1. Straight-line reach from K22: which lysines have Cα under 22 Å away, leaving out those fewer than 8 places along the same chain?
2. What ranking, highest mean first, results for peptides 2-9, 17-24 when packing means the other Cβ atoms within 10 Å averaged over each residue?
3. If you line up the Cα atoms of the chain on their principal axes, what length do they span on each, largest first, in Å?
4. What angle do you read, to the nearest 10 degrees and between 0 and 90, between the alpha-carbon axis of helix 4-23 and the longest principal axis of the chain?
5. Any idea what the dipole of the chain comes to, in debye rounded to 20, about its Cα centre with Lys/Arg Cβ at +1 and Asp/Glu Cβ at -1?
6. Keeping the other protein chains in place, figure out the carbon and sulfur percent of the accessible area of segment 30-74, with a 1.4 Å probe.
7. Just to confirm, what accessible area per residue do you get for the chain at 1.4 Å probe, in whole Å²?
Amino acid sequence: MKTQEDKIFVKKFGKNLRKVRKSKKISMTKLAFDSGLEYSQISRIELGQINTSIAAVNSIALALKIETKELFDF
């Protein structure tokens, strides 16, 4: 991540992902399985530790059965 703004954005994205996932009562394990991503990757995204790819965001949205843009509504 290049700037402080980038770091803040990635943390907000992760926090929102966690909020959406929990509102749907889906575990990180199930989300990882359904999205085809590793559990550790889901965890690191939610913690704002990694700036994930657009493809991963799309996979997560599909697994959560939501529009991709909802993950950016924060």
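1. K22 reaches K11, K12, K30, K65, K69.
2. 17-24, 2-9
3. In descending order, the Cα extents are 32, 22, 19 Å.
4. 20
5. Rounded to the nearest 20 debye, it is 320 debye.
6. So the carbon and sulfur contribution to the accessible surface is 52 percent.
7. With the other protein chains kept in place, the chain gives 67 Å² per residue.
The values are calculated or read from the model by the stated rules, or taken from the named source; none is laboratory data. Since the structure is predicted, the reported quantities are computational estimates derived from the model, not experimental observations. Glycine also receives a Cβ, built like all others from the backbone with ideal geometry; neighbour counts cover every protein chain displayed. Surface accessibility is based on the protein's heavy atoms, side chains included, excluding ligands, DNA and RNA. Shrake-Rupley method; radii C 1.70, N 1.55, O 1.52, S 1.80 Å.
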